[in-house]
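Down below is the structure, laid out as structure tokens.
The values are calculated or read from the model by the stated rules, or taken from the named source; none is laboratory data. All values reported here derive from a predicted model rather than from experimental measurement. As a convention, Cβ positions derive from the backbone with ideal geometry for all residues, glycine included, and neighbour counts pool all protein chains shown. Quick note on the areas: whole protein, heavy atoms, side chains included, nothing else; ligands and nucleic acids left out. Shrake-Rupley method; radii C 1.70, N 1.55, O 1.52, S 1.80 Å.
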Amino acid sequence: MFGICNLANIPLRFEPSDRSEIVSQVLFGEHFIVLEQEKQWTKVKLQFDEYEGWIDTKQYQPISEAEYNQLSTDAIILNSDLVEYVSAPNNLLMPIPLGSSLSFLNHTEINKENFDFEGMKISGIKPKSNLINTAFMYMNAPYLWGGKTPFGIDCSGFTQMVYKLNGYKLLRDASQQATQGEALSFIEESEPGDLAFFDNEEGRIIHVGIIMDENYIIHASGKVRIDRLDHLGIFNADINRHTHKLRVIKKIID
């Protein structure tokens, strides 16, 4: 079985319960494989990053295997504005967030509600230099564990969405993203758009941000913000101390 998100965004939970931790979100137009079903809950694996979790069975539209495969080979087309909306013939207007997937709108057999989109779109691979401009679109978005939108986002959701909007694929969690790309020896070797990863006292990767020019970093901590980056980690000038310990810098794309 297969499905697609036909709502603005839905929570992806660790366990099949409304009280369970939200580990990520499924944005409008994202499609997935159905792994398991209970009466109220459906376990899914997202096509884009293979992330797994539970969604409410009432919050998605079933699609066929052929439709899933078609969407998986289609060019990715995304909403490129902070908030836009799709309309339907019954005068329904539904807001959708930045990074929502629009490819399925071209398939009448999948787009059963006849959604139409007239906003700004983005697709294809963009220059690495565009990553920082995209990151600025999320400035001051509040931190939300599992979030992927300008209304609430976590550190790895932020980096994943910025890269996705520019045509690049990152895995979902910071620890997973740290397995991608090429490690750099020094901050001085980094370029804007490279990723910096940070660990805890146990050595586990728990945070990620996007490196900017002149030893600054943009990351989601409390909100999406800009701080200083040095060989020790992130220095927060507001509280005059380091908040995250640097583990490794990765060049994901050239």
*Among Arg241, Arg225, what's the order by accessible area (1.4 angstrom probe), most exposed first?*
Arg241, Arg225
*Would you pull out the residues with amide H under 5 Å of Leu35's amide H, same chain only if 5 or more places away, H placed 1.01 Å from N?*
Lys43, Val44, Lys45
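Would you mind computing Rg(Cα) / (2.2 N^0.38 Å) for segment 116-244, counting N as its residues?
1.03
Hey, what did segment 96-254 get for relative contact order, percent, Cα under 8 Å, at least 6 apart? Please list the in-between numbers first.
Working: 296 pairs, mean separation 33.7, N = 159.
Relative contact order here is 21 percent.
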*Just Gly233, Gly147, Gly203 to compare: in a GNM of the chain, with alpha carbon springs under 10 Å, which one fluctuates most?*
Gly203
*Could you give the distance between the Cα centres of segment 149-203 and segment 64-95, to the whole Å?*
26
_Probe 1.4 Å, protein heavy atoms only - accessible area per residue of segment 152-254 in square angstrom_ = 45
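Using a 1.4 Å probe on the protein heavy atoms, what percent of the accessible area of the chain belongs to carbon and sulfur?
Numbers: 6040 of 12190 Å².
The nonpolar share, carbon plus sulfur, comes to 50 percent.
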*By accessible area of protein heavy atoms, probe 1.4 Å, what ranking do Met139, Met94, Met161 get, highest first?*
Met139, Met94, Met161
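Quote the Stokes-Einstein diffusion coefficient, in whole µm² s⁻¹, for segment 68-154, based on the Kirkwood radius over alpha carbon pairs, a temperature of 37 °C and a viscosity of 0.692 mPa s. Walk me through the intermediate numbers first.
Working: Rh = 14.4 Å.
Approximately 227 µm²/s, per Stokes-Einstein.
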_For segment 133-209, average projected area of the Cα convex hull in nm²_ = 5.5
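Would you calculate, for the chain, the mean residue ellipticity at 222 nm contributed by helices, counting each DSSP H stretch of 4 or more residues as -39,500 (n - 2.57) and dividing by all residues, to the nearest 500? Show your work: numbers first, answer last.
Values: 4 runs with 29 residues, N = 254.
Helix contribution divided over all residues of the chain: -3000 deg cm²/dmol.
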*asked:* Along its three principal axes, how long is the chain when you only count alpha carbons? Whole Å, largest extent first please.
replied: 54, 36, 31
_Once you place label points 7 Å from the Cα toward the Cβ at Met94 and Asn200, how far apart are they in nm?_
3.7
*Which cross-chain or sequence-distant (5 or more) residues have an amide H under 5 Å from the amide H of Ser190, H modelled 1.01 Å from N in plane?*
none
*Would you mind telling me which residue in Glu202, Glu50, Glu109 has the biggest mean-square fluctuation in a Gaussian network model of the chain, where springs connect alpha carbons within a distance under 10 angstrom?*
Glu202
_Acute angle (nearest 10 degrees) that the helix 155-164 long axis makes with the longest principal axis of the chain, alpha-carbon atoms_ = 70
*Loop-only check: which trypsin sites (Lys or Arg not before Pro) in segment 92-173 are DSSP coil with at most 10 other Cβ within 10 angstrom?*
none
